[in-house]
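Each remark here refers to the structure printed beneath this line.
The values are calculated or read from the model by the stated rules, or taken from the named source; none is laboratory data. As the structure is a computational prediction, the values presented were derived from the model and not from experiment. Note that we place each Cβ from the backbone using ideal geometry, even for glycine, and neighbour counts take in every protein chain shown. Quick note on the areas: whole protein, heavy atoms, side chains included, nothing else; ligands and nucleic acids left out. Shrake-Rupley method; radii C 1.70, N 1.55, O 1.52, S 1.80 Å.
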Amino acid sequence: MAISLAALLGVNSLKLTKAGLAETTWHQDINWVAVTELEDPHRFINGGELILTTGLRLRSAPEQRRFVRQVQRAGAVGIGFGVGLSHEAVPPALLAEANRWGLPVVEVPYETPFIAIGKLVADAQSADHYAKLERLIAGHQVLARALLTGGGLSELLKHLGGMLRTDVALTQFTAQLYNSSSEPPSADTWSSYPVPTGRRDACTLWVRQPFEDSGIIGYAQNLISVELNNMVKQRQAQRALCGQVLEDVIHGALETSEAQRRLAGVGVNSTRKNVVLLAVSAAHNKALVSTSVPRELENAVAAVVGKDLVLVINDDGGGAPALARKLSDHLAEAGLHATIGIGGAYTKPNGLRWSYFEARDAASHGLPVNEPERLSLTSLLLASEDVPLADMANESLNPLRTFDATHGSELMTTLESYLNNNGSVAAVAEELTLHRNTVRYRLAQITELTGYDPAVTTDRVQLWLALAVARLGARHGK
């Protein structure tokens, strides 16, 4: 361990004696030994040194007093004055000034070489460094063992807190993955350490002040980073597996009993009410399907269906909106711009299909969080794989698309505006900044090209349904 002046005085072989009255730094660890015969050595002192001198150039009282002031201001822990060469005893002026400034002085006899003192301090420093290194390596082994034996992040962080003798926490965006304290971490009383992973799953490690870090925090950061990457890979594999099952259920490819069995295999109990949350992001779909979810949704069954993230939660529908908002906030904090669609709460595999298509239809509304429109005709038809809805939609709309592409017209835009404005020519004219006669002319062209008259209710339903399917199909790459 590092050695102090008091401890040095106890080494009988050095034959040191206390010369002054000051004891301010008597028990402070000596960082190093500096031998000097300069009148003003303060530029060569970093602080914490024991200054050894024979006073070769300290002949007068003013020089001796000035020497004491300079080494004390530089942060020295004391002066070792060698006698029997330049001075037979420690000069009274030097002792008086040292007492005044609270700087301890020890007398070094002629037979004790300065190098013996330096070697003893260096050996103590080396032993102290070695002991710290041993403790650090032992700490590394404890943390690695906690992770590798299946304890996970919580076990690793529990041991880390014990080593630092303080509270630790781990946060990931809006989620708190671990906290040994009852209060959330804050920048005022906690130190924060980023844990980069090269992904959007970056975390922050928090350590409550005060604490002493021997280097173990840096190692913990690396272990947490490795574990987070492993968690992402595990998450991707699990979601891909669940996605295969859900896609079969959604497409109606399984008998009810087989669907129930396979859903149970991935953690979905279809005998109880379940709600589907669907997260869609055209800009960030790759990151979306592998990202973490807030703590409130950790028990949900997560799956990748197409390019979307699907969460199946056991819920009667009452808690789904709040959970969807939690998910939306979590993704936004992660820098993922996503739209959340909520399905209804239903039992049985067919109910899960219905909830999925409701959620998909709701997500097309484009708000951050979208609740379902009950009894959506579009979702009902989409849920049936036997209805060639996409083909029917294309048959109705392709003539308009072709005409627009050839002539640069806006028949599709006019049709959407007409249907959205409940068949009001005046509203369409105002929205598109057109003359009403121009709107009527375009509607006549739509009737001529498609064979459906937007002014007739049955034809209007056909065109509205075709546009709804086209929007959903475009979003899902179909």
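Each residue of region 449-454 was assigned a 3J(HN,Hα) from its phi angle through the Karplus curve 6.51 cos²θ - 1.76 cosθ + 1.60 (θ = phi - 60°); the sequence is 6, 9, x, 10, 9, x Hz, with glycine and proline shown as x. The Cα atoms of region 96-219 define a convex hull whose projected area, averaged across directions, is 12.9 nm². In whole percent, and with a 1.4 Å probe on the protein chains, what portion of the accessible area of the chain is carbon and sulfur? So the carbon and sulfur contribution to the accessible surface is 51 percent. Treating each Cα of region 217-291 as one equal point scatterer and applying the Debye formula with no solvent, the log10 of I(q)/I(0) at q = 0.11, 0.14, 0.23 Å⁻¹ comes out as -0.43, -0.62, -1.09.
Taking every DSSP helix (H) stretch of at least 4 residues in the chain, weighting each as -39,500 (n - 2.57) and dividing the sum by the residue count yields a mean residue ellipticity at 222 nm of -15500 deg cm²/dmol. The slack in the chain from Ser186 to Asn314, taken as 0.36 nm per residue of separation less the alpha-carbon distance, amounts to 42.7 nm. Against the main long axis of the alpha-carbon atoms of the chain, helix 216-250 sits at an angle near 10°.
Defining a contact as two alpha carbons under 8 Å apart and six or more residues distant in sequence, what relative contact order in percent does the chain show?
9 percent
Accessible surface area normalised per residue over the chain is 50 Å², counting heavy atoms of protein chains with a 1.4 Å rolling probe. Take 296-302, 245-251, 427-433, 8-14 and order them by the average number of nearby Cβ atoms within 10 Å per residue, most first; the result is 245-251, 296-302, 427-433, 8-14.
Each residue of region 313-330 was assigned a 3J(HN,Hα) from its phi angle through the Karplus expression (A = 6.51, B = -1.76, C = 1.60, θ = phi - 60°), giving 10, 7, 7, 8, x, x, x, 4, x, 5, 5, 5, 5, 4, 5, 4, 5, 4 Hz with x at Gly and Pro. Short to long, the 10 Å bins of the Cα pair-distance histogram for region 26-87 hold 23, 58, 19, 0 percent of all pairs. Taking amide H as placed 1.01 Å from N in the peptide plane, Val301 has its amide H under 5 Å from the amide H of Val312, each at least 5 places away in sequence or on another chain.
Taking a quarter of the surface of the Cα convex hull of the chain, what do you get in nm²?
Values: hull surface 142.1 nm².
Average projection, Cα convex hull of the chain: 35.5 nm².
Shown here is the pair-distance distribution of region 164-239: with all Cα-Cα distances grouped in 5 Å bins from zero up to the longest one, the shares run 3, 15, 25, 25, 16, 9, 4, 2, 0 percent. Karplus-derived 3J(HN,Hα) values for region 108-124, using 6.51 cos²θ - 1.76 cosθ + 1.60 with θ = phi - 60°, are 9, x, 4, 7, 9, x, 4, 5, 5, 5, x, 5, 5, 5, 5, 5, 5 Hz; glycine and proline are entered as x. Close amide H pairs (under 5 Å, H built 1.01 Å from N) link Leu177 with Leu170, Thr171, Gln172, residues at least 5 positions away or on another chain.
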